[in-house]
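Here is the structure we will look at, set down as structure tokens.
The values are calculated or read from the model by the stated rules, or taken from the named source; none is laboratory data. From a predicted model like this one, the values you see are computed outputs, not experimental measurements. Cβ sites come from the backbone with ideal geometry, for glycine too, and all protein chains shown count toward neighbours.
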Amino acid sequence: MIFSKYPDYKDLRVLDLFAGTGSFGLECLSRGAEWVDFVEFANQAIAVLLLNIAKLNCSDQCHIHRRRVEQYLAKADHLYDVIFLDPPYDKGLVEKCLDLIFAGDMLKPEGIVIVEHSAKERIPDRWLPRLIDTRAGKITSFSIFGSAETGPDQ
């Protein structure tokens with residue numbers, strides 16, 4: 001769904017949070033992204049991510065940050081075109097991470113945050129004015145936010 005809606009990543013800077021094996025960020029690189037920062041804490045996931053980066057020979061276009069996502073977001077000093085957030089489901093991490101992303105003004109002016117989350121987890125009302133699109137499934141939902149409020153008065 002994400003790559004059919006947003007197929008072009010040419011020259012974009014991407015942040016892949018809770019990166020796991022890096023599939024989202026690596027796909028962005030294959031679609032022309034300039035740079036990807038991967039944030040992951042689990043050793044097993046990082047080991048697979050390192051192998052995937054080596055197989056694709058793209059280590060000069062990305063960096064792995066072995067940290068907890070909340071720690072990274074609290075100190076991040078880069079602006080991103082795309083932030084992908086795929087936290088463990090139903091742990092309250094969507095709200096915490098959105099708070100840190102928007103409080104830290106981490107998006108470029110036309111940037112987006114793509115959130116993959118449990119269909120049961122609701123987006124806090126305070127971030128709804130930034131909501132661009134949402135796709136709800138039975139188990140998984142996607143919510144896409146803009147860098148600024150996109151409501152009718154904007």
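Structure above, values below:
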{"item": "Qualifying residues in the range 71-87 (those that are out of contact with any helix residue (DSSP H, G or I) (no Cβ under 6 Å at 6 or more places or on another chain) and not aliphatic (A, V, I, L, M)) - the one nearest to T140 (Cα to Cα)", "result": "D86"}
{"item": "Residues being polar (S, T, N, Q), assigned to a loop (DSSP other than H, G, I, E, B) and either modelled with pLDDT of 65 or more or loosely packed, with under 14 Cβ neighbours inside 10 Å (or both) - total across the range 138-154", "result": "2"}
{"item": "Test for E121: is it out of contact with any His (no Cβ under 7 Å at 6 or more places or on another chain) and closer than 26 Å to L12 by Cβ", "result": "no"}
{"item": "Any hit, the range 63-78, residues being over 20 Å from R126 (Cα atoms), touching a Gly at 6+ places or on another chain (Cβ under 7 Å) and at pLDDT below 95", "result": "yes"}
{"item": "Single residue of K91, K55, K96 found to be exposed (fewer than 15 other Cβ atoms within 10 Å of the Cβ) and in a loop (DSSP other than H, G, I, E, B)", "result": "K91"}
{"item": "Condition check for A45: out of contact with any Ser or Thr (no Cβ under 8 Å at 6 or more places or on another chain) and of a type in the set (A, V, I, L, M)", "result": "no"}
{"item": "Whichever residue in the range 12-32 is under 17 Å from M106 (Cα atoms) and assigned to a loop (DSSP other than H, G, I, E, B) and, among such residues, is farthest from the chain's Cα centre (by Cα)", "result": "L12"}
{"item": "The listed residue being under 21 Å from F38 (Cα atoms) and touching a residue at least 12 places away in the same chain (Cβ under 8 Å), out of K120, K91, K96, K138", "result": "K96"}
{"item": "Single unsatisfied condition, D60 versus (1) free of Cβ contacts under 8 Å to residues at least 60 places away in the same chain; (2) part of a helix (DSSP H, G or I); (3) surrounded by 12 or more Cβ atoms within 10 Å (Cβ to Cβ)", "result": "(3)"}
{"item": "Checking E110 against (1) in a strand (DSSP E or B); (2) closer than 21 Å to Y6 by Cα; (3) within 12 Å of the chain's Cα centre (by Cα), the condition it does not meet", "result": "(3)"}
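Yes or no, residue by residue, for (1) more than 22 Å from T21 (Cα to Cα); (2) in contact with a Lys or Arg (Cβ under 7 Å, 6 or more places away or on another chain):
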{"site": "A74", "(1), (2)": "yes, no"}
{"site": "D86", "(1), (2)": "no, no"}
{"site": "A103", "(1), (2)": "yes, no"}
{"site": "E110", "(1), (2)": "yes, no"}
{"site": "S118", "(1), (2)": "no, no"}
{"site": "P124", "(1), (2)": "yes, no"}
{"site": "F145", "(1), (2)": "yes, yes"}
